[in-house]
Amino acid sequence: MAAPLAPGSARWVCSARWVCSARWACSAAAERPWRLFGAMCLLRLPRITQPLEKEEEEVAALMEQLELEKSHYSDHEIRKLEEEEQLRRKKESLYDEDEARGQTVIMAQDLEEKWEQKFLRFKAAPRITDADKSNDRKSLNRKLDSNLMLLVKQKIGNQELWLLPQVEWQPGETLRSTAERAMATFLGDHIQAKVLGNAPYGIYKYKFPRAIRTENNVGAKVFFFKAYLQSSDLSQAELKADYLWVTKKELGDYLKSEYLKKVNRFLLDL
Amino acid sequence: MFALLSFSGDALLGCHRSYRSRPTHGIGRFKYLLPKEVPKRKKEKVQMKEISEGTEYQYGDINIQMTSYDVCLVEHFAQYVHRLCNRLSIRVNESYAMPTKTNEVLFLEERGSKMQLDAVLTTHQRVVQIRGLSSTFAPILLEIIQSNQPEGVHLLMKQHTEADFKSRLKSRPELEELLAEMS
């Protein structure tokens, strides 16, 4: 747990500092040279567990075998053994009349066969879906065992970049509502997402290139917020720009290195 | 007299107690020197501990409830959550189990003779109670617990209320009737 813990505590400290500086900044609004953006990192939670490692599987098998050897017989198994005894005794000798009174209608063996047939009829949903095979990065059905994040293509300055959806902060609203607005602009209003907490998870600041830089506009700071996608039904969402759902490992394909470094700090990938 | 008794090798052999007339009578006594112990009262009524309300930056009492059909899974997960909170120095008030609920599932097949296949499902619930979770850390903790959640375990985090406390106690209808009659 060391890796996720360290950024967590560091984040806590830096978010406290952010709170102080934001309060100070709001009072001196005119002289601040930084433009603020609120970005939303929308996560789709994993739907199935990750496959076990080799050592984990070996340990699990060993423990199962140990437990099986140490455990007692269950009711069903005792019943089955008794009935097998009865059958065996019937075949060897003729004690039918004495034991016929305790004869049950359904034998334990029959029950087992019935359960087996039922189990064979059950078909589990596939773990690797079609979207996985076709590597369709736009669908939500891909990679059911890891977190999926929303990336959107946005125009910053004169470049088209892949980013987490962000929108500029307007004075008078909280940064969290900025992030929610960002989500709403890209995905429409009917998104059931749960924002976690009022504090941002990370910050990325960059200075504008010298050509655009002025006294009042040194650079921009982007504050990241996290939200969980509650429903996986995005049919109502009107996606205006290019979008992708990617895992943490695939982020490197799309994001710039500095940006990626800051984003990776707050992403938990277990 | 005493010498004769010791030679006879009787039951009085292992007896070193001095008689009352001896000067060393009562030589080993010490209980009268200890402070007086208050006799313990038999069964104290289970009092509800104060439920702290959170301030703006801290949550009060929070219950993390884990439910599942599988006992081992839910118990191990509750242990994991408890130890995680210990490591993250979050104060854990108590960690208890709610009574298990048993459900019988009956299938009514209507092919020929009406058969009833039974299945017995037991639902187990474990609760870990936490106090003093700061609002900046709460989403991180929630994320860690959610990403480590095993399959088949439902997770619920909610504020602790009096109703939650009362649900752990059994109601005594006869006592309530008598009390109603008295008042």
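Read through the list (1) more than 14 Å from every other protein chain (Cβ to nearest Cβ); (2) surrounded by 15 or more Cβ atoms within 10 Å (Cβ to Cβ), then give the number of the only condition that residue B:147 fails.
Looking at each condition in turn, residue B:147 falls short on (1).
Could you say which residue among A:144, A:161 is of a type outside the set (Ser, Thr, Tyr), in contact (Cβ under 8 Å) with a residue 24 or more places away in the chain and either touching a Phe, Trp or Tyr at 6+ places or on another chain (Cβ under 6 Å) or not in a strand (DSSP E or B) (or both)?
Going through A:144, A:161 in turn, the sole match is A:144.
Kindly indicate the residue of segment B:129-144 that is within 11 Å of chain A (Cβ to nearest Cβ) and touching a helix residue (DSSP H, G or I) at 6+ places or on another chain (Cβ under 9 Å) and also farthest from residue B:83 (Cα to Cα) among those meeting that condition.
B:136
Let me spell it out: the conditions are (1) within 14 Å of chain A (Cβ to nearest Cβ); (2) over 30 Å from residue A:76 (Cα atoms); (3) surrounded by 14 or more Cβ atoms within 10 Å (Cβ to Cβ), and residue B:153 meets all of them except one. Which number is the exception?
All conditions are met except number (2).
Of the residues B:109, B:174, which single one is surrounded by fewer than 10 Cβ atoms within 10 Å (Cβ to Cβ), among the acidic types (Asp, Glu) and more than 20 Å from the chain's Cα centre (by Cα)?
When all the criteria are applied, what remains is B:174.
I'm trying to understand the selection: among the residues of segment B:73-93, which are of a type outside the set (Gly, Ala, Ser), more than 11 Å from residue B:126 (Cα to Cα) and free of Cβ contacts under 8 Å to residues at least 40 places away in the same chain?
Passing the criteria: B:83, B:86, B:87, B:92.
Residues of segment A:32-58 being more than 14 Å from chain B (Cβ to nearest Cβ) and out of contact with any strand residue (DSSP E or B) (no Cβ under 7 Å at 6 or more places or on another chain), which ones?
Once the filter is applied, which keeps residues that are more than 14 Å from chain B (Cβ to nearest Cβ) and out of contact with any strand residue (DSSP E or B) (no Cβ under 7 Å at 6 or more places or on another chain), segment A:32-58 yields A:32, A:33, A:53, A:54, A:55, A:57, A:58.
Coordinate-derived values only; no laboratory data. Not measured: the values here are computed from a predicted model. Every residue, glycine among them, receives a Cβ derived from its backbone with ideal geometry; neighbour counts consider all protein chains shown.
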